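A quick write-up on the structure given underneath.
The values are calculated or read from the model by the stated rules, or taken from the named source; none is laboratory data. Predicted model only: the values in this text are computed from it and were never measured. Cβ: placed from backbone, ideal geometry, glycine included. Neighbour counts: every protein chain shown. Ligands, DNA and RNA are stripped out before the accessible areas are found, and what is left, the full protein with its side chains, is counted by its heavy atoms. Shrake-Rupley method; radii C 1.70, N 1.55, O 1.52, S 1.80 Å.
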Amino acid sequence: INAINIANTFWTRLVGLLNRAELSHTEGLLIEPCSSIHTVGMRFAIDVIYLSKENKVLGVHESVAPYKFRVGPKMAIKVLEVSEGNVNRTGIHLDDILIFD
């Protein structure tokens, strides 16, 4: 994943990926603070990665279809949304530490 957009204001968190027709496998959206998501109004499925303050992977939901709700683990304070299949493609696993440059 080459490009991570950050949604850390009320407006950017509210809009999220709703204005997108697709998400390439090289980009993602990091939402903070965040511990749950919805895909209401989205036009494509995504993989959802729940992160701790230190970017430790606490949970994953793969292939979340449009019009679904997902809640992360108790300690999740960030969510990384990536294109469907990206968790498998990149080999992201529980307890990994993700580094964002």
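Taking amide H as placed 1.01 Å from N in the peptide plane, Val60 has its amide H under 5 Å from the amide H of Tyr50, each at least 5 places away in sequence or on another chain. Farthest towards the positive end of the charge dipole of region 1-78, among the residues Ala65, Ile37, Ser24, is the Cα of Ile37, using unit charges on the Cβ of Lys, Arg, Asp and Glu.
Most tightly packed first, judged by the mean number of other beta-carbon atoms within 10 Å of their residues, the peptides 73-80, 36-43 read 73-80, 36-43. Let me make sure I get this right: for the chain, a, b and c are the square roots of the gyration tensor eigenvalues over alpha carbons, sorted descending. Under 1.5 in a/c it's rounded, otherwise prolate if a/b > b/c, else oblate. Which is it? Judged from the Cα gyration tensor, the chain comes out rounded (a/c under 1.5). Each Lys and Arg adds +1 at its Cβ and each Asp and Glu adds -1 at its Cβ; summed about the Cα centre, the chain shows a dipole of about 340 debye.
Which ³J(HN,Hα) values, rounded to whole Hz and listed in residue order, are derived for region 85-92 from phi using the Karplus coefficients 6.51, -1.76 and 1.60 in 6.51 cos²θ - 1.76 cosθ + 1.60 with θ = phi - 60°, glycine and proline given as x? Using θ = phi - 60°, the values come out as x, 5, 4, 5, 4, 8, x, 6 Hz.
A cut-off of 5 Å between modelled amide H atoms, ignoring neighbours fewer than 5 places along the same chain, links Cys34 with Lys78, Val79.
Applying 0.36 nm per residue to the separation of Glu54 and Asp95 and subtracting their alpha-carbon distance, the gain on full extension is 13.7 nm.
Rounded to the nearest whole Hz, the Karplus-based 3J(HN,Hα) values (6.51 cos²θ - 1.76 cosθ + 1.60, θ = phi - 60°) of region 24-36 follow the sequence 6, 6, 9, 9, x, 10, 9, 10, 8, x, 6, 9, 8, with x at glycine and proline.
Protein heavy-atom accessible surface, 1.4 Å probe, per residue over region 31-72: 49 Å². Hey, any idea what % of the chain's accessible area is carbon plus sulfur with a 1.4 Å probe? Heavy-atom surface of the chain belonging to carbon and sulfur, 1.4 Å probe: 54 percent.
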